[in-house]
Amino acid sequence: MATALITGGTSGIGAEFARQLAAQNYDLVLVARDRARLDETEAHLQEQYGITVELLPADLAERDQVQRVAGRLADTERPIDVLINNAGFGVHSKLLDPDTSRQEVAIDVMIRAVLQLSNAAGRAMRERGSGGILNVSSTAGFVSMGLYSAIKAWVTTYTEGLAGELHGSGVRETALLPGWVHTEFHQRAGINASKIPGPLWLEPEPLVRQALVDFERGKVLSMPSTRYKVLMGIAQRVPRGAIHSVSRMMSSSRHDS
Ligand SMILES: NC(=O)c1ccc[n+]([C@@H]2O[C@H](COP(=O)([O-])OP(=O)(O)OC[C@H]3O[C@@H](n4cnc5c(N)ncnc54)[C@H](OP(=O)(O)O)[C@@H]3O)[C@@H](O)[C@H]2O)c1
């Protein structure tokens with residue numbers, strides 16, 4: 001039986017990955033901070049799907065805790081076949097806010113942890129000649145909405161680079177590029193999402209279903225929505241100045257909550 005390790009597997013997109021992989025008979029290792037929620041998720045998945053769930057409570061903003069998760073990924077006795085780097089959160093603050101501590105935590109969780117966990121998993125998988133890493137990025141990486149866009153642009157480009165480095169090794173990599181998805185993300189970040197038009201919202205279930213199909217096929221970039229494929233196709237063709245203007249408008253509408 002194969003095993004998948006999912007960061008942030010207790011809510012939103014990560015919880016949906018956990019459900020769909022459990023339904024495919026994967027055993028799971030779940031990483032998140034909230035112990036009670038990890039316990040609830042474990043009980044539900046075990047009862048519903050009869051799989052084995054291992055809990056690894058960790059705050060991925062903390063270096064030693066990331067190292068513990070990296071150690072689990074490198075364990076040759078209990079191999080991890082699939083790593084889903086999903087944990088993350090919205091960054092509400094402005095780039096020139098005097099206190100950059102929240103932005104630094106965002107870089108720690110969504111860049112440094114992704115780098116270190118992919119490194120540990122990628123090396124172990126390359127050694128075995130099989131496995132896969134899926135990094136949850138965002139279409140926000142195509143625009144310029146502050147630090148969050150910069151982080152997700154990094155995640156996408158990093159995944160493409162990793163796919164190049166591991167080409168021919170038997171290990172596959174995918175960057176998932178969702179648009180707006182109904183999860184706890186916006187409420188947790190204090191982002192005013194009320195002005196986002198209804199048709200731009202995606203649901204976790206079909207998003208993850210298509211992501212797993214793309215991952216299985218070895219697609220490096222997965223954008224599971226025709227609406228977003230069209231929008232991002234346009235975004236890549238218009239002058240960059242137009243993207244800057246749209247990003248400015250979208251950023252200011254998010255801030256007046
Ligand atoms: N929702 C969207 O519109 C959207 C769009 C594009 C991309 N994304 C990306 O999708 C991913 C998942 O977000 P979501 O929308 O599913 O949000 P969510 O419902 O808020 O879930 C976030 C998950 O990440 C975990 N997490 C957060 N900080 C963590 C930390 N420091 N250490 C360990 N785990 C942590 C949370 O668990 P604990 O709180 O228990 O730690 C939770 O399980 C993120 O990378 C996000 O950037 C979301």
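The values are calculated or read from the model by the stated rules, or taken from the named source; none is laboratory data. Being a predicted model, the structure only gives us computed values, none of them experimental. Reconstructed Cβ throughout: ideal geometry from the backbone, glycine too, with neighbour counts over all protein chains shown. The accessibility values were calculated without ligands, DNA or RNA, using every heavy atom of the protein model including side chains. Shrake-Rupley method; radii C 1.70, N 1.55, O 1.52, S 1.80 Å.
Residue pairs, Cβ under 7 Å, 6 or more apart or interchain, first in region 3-16 and at negative phi, second assigned to a strand (DSSP E or B) and open to solvent by 20 Å² or more (accessible area, probe 1.4 Å). List them.
Close Cβ pairs (under 7 Å, with a partner that is assigned to a strand (DSSP E or B) and open to solvent by 20 Å² or more (accessible area, probe 1.4 Å)) amount to Thr3/Asp27.
I'd like to know if region 205-213 contains one or more residues that are over 25 Å from Leu115 (Cβ atoms), under 16 Å from the mean Cα position of the chain (by Cα) and within 9 Å of the ligand (Cβ to nearest atom).
No, there is no match, as no residue in region 205-213 is over 25 Å from Leu115 (Cβ atoms), under 16 Å from the mean Cα position of the chain (by Cα) and within 9 Å of the ligand (Cβ to nearest atom).
For (1) among the hydroxyl-bearing types (Ser, Thr, Tyr); (2) in contact with an Asp or Glu (Cβ under 9 Å, 6 or more places away or on another chain); (3) surrounded by fewer than 15 Cβ atoms within 10 Å (Cβ to Cβ), each residue gets a yes or a no:
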{"residue": "Leu56", "(1), (2), (3)": "no, no, no"}
{"residue": "Arg78", "(1), (2), (3)": "no, yes, yes"}
{"residue": "Lys94", "(1), (2), (3)": "no, no, yes"}
{"residue": "Ala121", "(1), (2), (3)": "no, no, no"}
{"residue": "Leu147", "(1), (2), (3)": "no, no, no"}
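Quick one: how many residues across region 1-13 are buried (at least 22 other Cβ atoms within 10 Å of the Cβ) and within 18 Å of Ala121 (Cα to Cα)?
6
Looking at (1) more than 10 Å from the ligand (Cβ to nearest atom); (2) within 30 Å of Ile191 (Cβ to Cβ); (3) open to solvent by less than 40 Å² (accessible area, probe 1.4 Å), can you tell me which one Glu42 breaks?
Unmet condition: (3).
Looking only at region 17-35, count how many residues are of a type outside the set (Ser, Thr, Tyr) and open to solvent by less than 60 Å² (accessible area, probe 1.4 Å). Full working, then the answer.
First pass over region 17-35, keeping only residues of a type outside the set (Ser, Thr, Tyr): 17-25, 27-35.
Going one step further and asking which of them are open to solvent by less than 60 Å² (accessible area, probe 1.4 Å), we end up with 17-18, 20-22, 27-32.
So the answer is 11.
Being in a helix (DSSP H, G or I) and over 20 Å from the mean Cα position of the chain (by Cα) narrows it down to one residue among Leu38, Leu45, Leu21; which is it? Can you show your working first?
Numbers: Leu38 fails: over 20 Å from the mean Cα position of the chain (by Cα); Leu21 fails: over 20 Å from the mean Cα position of the chain (by Cα).
When all the criteria are applied, what remains is Leu45.
How about region 161-181: which of its residues are within 22 Å of Gly14 (Cβ to Cβ), open to solvent by 30 Å² or more (accessible area, probe 1.4 Å) and touching a residue at least 24 places away in the same chain (Cβ under 8 Å)?
Of all residues in region 161-181, those within 22 Å of Gly14 (Cβ to Cβ) come to 162-163, 171-181.
Among the residues that remain, those that are also open to solvent by 30 Å² or more (accessible area, probe 1.4 Å) are: 172, 180.
Scanning region 161-181 gives a single hit, Arg172.
Can you spot a residue in region 103-119 that is over 23 Å from Gly164 (Cβ atoms), at pLDDT 95 or above and touching a strand residue (DSSP E or B) at 6+ places or on another chain (Cβ under 6 Å)?
Checking region 103-119: not a single residue is over 23 Å from Gly164 (Cβ atoms), at pLDDT 95 or above and touching a strand residue (DSSP E or B) at 6+ places or on another chain (Cβ under 6 Å).
Checking Leu200 against (1) farther than 22 Å from Phe89 by Cα; (2) within 14 Å of the ligand (Cβ to nearest atom), which single condition isn't satisfied?
Result: Leu200 passes all but (1).
Taking region 123-150 as the region of interest, how many residues are in contact with a Gly (Cβ under 9 Å, 6 or more places away or on another chain), touching a residue at least 12 places away in the same chain (Cβ under 8 Å) and over 20 Å from Gly9 (Cα atoms)? Even if it seems obvious, please write down each step before you answer.
Quick first cut of region 123-150, residues in contact with a Gly (Cβ under 9 Å, 6 or more places away or on another chain) only: 124-126, 128-133, 136, 138-140, 148-150.
Then drop every residue that is not touching a residue at least 12 places away in the same chain (Cβ under 8 Å), which leaves 124-126, 128-133, 136, 138-140, 148-149.
Keeping just the survivors that are over 20 Å from Gly9 (Cα atoms) gives 124-126, 128-130, 139-140, 148-149.
Counting residues in region 123-150 that are in contact with a Gly (Cβ under 9 Å, 6 or more places away or on another chain), touching a residue at least 12 places away in the same chain (Cβ under 8 Å) and over 20 Å from Gly9 (Cα atoms) gives 10.
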